[in-house]
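A.B. asks: What follows is a single structure, and I will ask about it in a moment.
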């Protein structure tokens, strides 16, 4: 009845159920934190030039360059179950053919609470190009700052921290100013 | 060492061995049923996956367990973490969606009844990789819904490392399976 084997079996079963209960409690606890911080996003300039991209080496394609200003205090998103914050800036627009596009142009990973109070001037990190050759005829684009809270254990949550009004794409420039 | 066990085995007889084998089989079948049932509910072929590479560090490390769903009524959005499988590649990849393009039908006048009937072109990138995934697509230009196994919904750290250890050291796998099998045969309940 009380062999070493059965003792080991009982103790490990008990410990693993305790661990599971603890993990479940931590995962559920993050549902209590419902911070929804907002920030301010300003697109300062939009420029379109023609260029080559990595995808199509031998084809000219319009590329949009975005300069933006961002102020957001995202520290409320950090609680004891927050491992990191994935922050991304995306453009949403409909092009001349009716294709609905969402394109991430900038992102940042934030590990620590004291780095989550942001105030920065940035420009797009990823090439911002359309499916076709140019942006001609595309609708004005909304630029939104979104975040993904990644927990130590539990569910991933998403939210939106800032949004600009629709901004029209400018005319293509042929010379670098 | 095994003399005692063999003795008990002989004493218990064939019926007992058969019964234990039946028990073992029913445990396996239950496991499989739960796995497939979960897959049916989540609409994905593998509702739980283990992270095998470090391309999503520091979000996911090797051995972390991910829970996936793939609801048929939802489109993919930027920022979603997807698991996708390229035809011809043997391991699925866990990467974040960087671009989505909802293409409209070329046939003028036709409107798809559901937004999901619309084709969606997707580009992904690993958080820890400097560039997007075009080079991983093996000649495909974009990912589409059919390549995607699921969206990551939940996360449990490290637990999956057992399977990685078993893959890296196959002896461990055989030792574990053999030990369990022997225990199941010898145990009497």
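The values are calculated or read from the model by the stated rules, or taken from the named source; none is laboratory data. Note that this is a predicted model, so its numbers are computed, not measured. Here the Cβ is made from the backbone with ideal geometry for all residues, glycine too, and neighbour counts use every protein chain on show.
A.B. asks: Evaluate the stretch B:167-174: report whether one residue or more is surrounded by 16 or more Cβ atoms within 10 Å (Cβ to Cβ) and not in a helix (DSSP H, G or I).
C.D. replies: Within the stretch B:167-174, the subset surrounded by 16 or more Cβ atoms within 10 Å (Cβ to Cβ) is none.
The answer is no, given that none of the residues of the stretch B:167-174 is surrounded by 16 or more Cβ atoms within 10 Å (Cβ to Cβ) and not in a helix (DSSP H, G or I).
A.B. asks: Something else: Give the number of residues within the stretch A:64-81 that are in a strand (DSSP E or B) and surrounded by fewer than 20 Cβ atoms within 10 Å (Cβ to Cβ).
C.D. replies: 5
A.B. asks: From the set of residues in the stretch B:138-159 that are part of a loop (DSSP other than H, G, I, E, B), within 13 Å of another protein chain (Cβ to nearest Cβ) and in contact with a strand residue (DSSP E or B) (Cβ under 7 Å, 6 or more places away or on another chain), which is farthest from residue A:81 (Cα to Cα)?
C.D. replies: First, the residues of the stretch B:138-159 that are part of a loop (DSSP other than H, G, I, E, B): B:138-142, B:144, B:157-159.
Restricting the remaining residues to those that are within 13 Å of another protein chain (Cβ to nearest Cβ) gives B:139-142, B:157-159.
In the following step, the residues that additionally are in contact with a strand residue (DSSP E or B) (Cβ under 7 Å, 6 or more places away or on another chain) were identified as B:142, B:159.
Values: B:142: 35, B:159: 17 Å.
My answer is B:142.
A.B. asks: Can you pull out the residues in the stretch B:5-20 that are within 16 Å of residue B:180 (Cα to Cα) and in contact (Cβ under 8 Å) with a residue 12 or more places away in the chain?
C.D. replies: Hits for the stretch B:5-20 are B:5, B:9, B:17, B:20.
A.B. asks: Can you tell me which of B:73, B:55 is touching a residue at least 12 places away in the same chain (Cβ under 8 Å) and out of contact with any helix residue (DSSP H, G or I) (no Cβ under 8 Å at 6 or more places or on another chain)?
C.D. replies: Matching residue, one of B:73, B:55: B:55.
A.B. asks: To continue, here is another question. Given (1) under 23 Å from residue B:81 (Cα atoms); (2) surrounded by fewer than 16 Cβ atoms within 10 Å (Cβ to Cβ); (3) in the same structural domain as residue A:127 (by TED's automatic domain parsing), where does residue A:96 come up short, assuming only one miss?
C.D. replies: Tallying (1) under 23 Å from residue B:81 (Cα atoms); (2) surrounded by fewer than 16 Cβ atoms within 10 Å (Cβ to Cβ); (3) in the same structural domain as residue A:127 (by TED's automatic domain parsing), residue A:96 fails exactly one: (1).
A.B. asks: Ok, one more. Considering each residue of the stretch A:126-174, count those that are more than 14 Å from residue A:86 (Cβ to Cβ) and in a strand (DSSP E or B), and give that number.
C.D. replies: Total meeting the criteria: 12.
A.B. asks: Step by step: first the residues of the stretch A:86-98, then only those that are more than 18 Å from residue A:163 (Cα to Cα) and in contact (Cβ under 8 Å) with a residue 40 or more places away in the chain, then the one that is farthest from the other protein chains (Cβ to nearest Cβ). Which residue is that?
C.D. replies: A:96
A.B. asks: Could you figure out which of (1) modelled with pLDDT under 85; (2) surrounded by fewer than 14 Cβ atoms within 10 Å (Cβ to Cβ) isn't true of residue B:104?
C.D. replies: Unmet condition: (2).
A.B. asks: Based on this model, can you work out whether residue A:103 counts as within 14 Å of another protein chain (Cβ to nearest Cβ) and either closer than 21 Å to residue B:141 by Cα or assigned to a strand (DSSP E or B) (or both)?
C.D. replies: Details: within 14 Å of another protein chain (Cβ to nearest Cβ): yes; either closer than 21 Å to residue B:141 by Cα or assigned to a strand (DSSP E or B) (or both): yes.
Here the answer is yes, as residue A:103 does meet what is asked.
A.B. asks: When you go through A:5, A:49, A:56 one by one, which is the residue that is free of Cβ contacts under 8 Å to residues at least 60 places away in the same chain and either under 24 Å from the mean Cα position of the chain (by Cα) or closer than 27 Å to residue A:107 by Cα (or both)?
C.D. replies: Being free of Cβ contacts under 8 Å to residues at least 60 places away in the same chain and either under 24 Å from the mean Cα position of the chain (by Cα) or closer than 27 Å to residue A:107 by Cα (or both) holds for just one of A:5, A:49, A:56, which is A:56.
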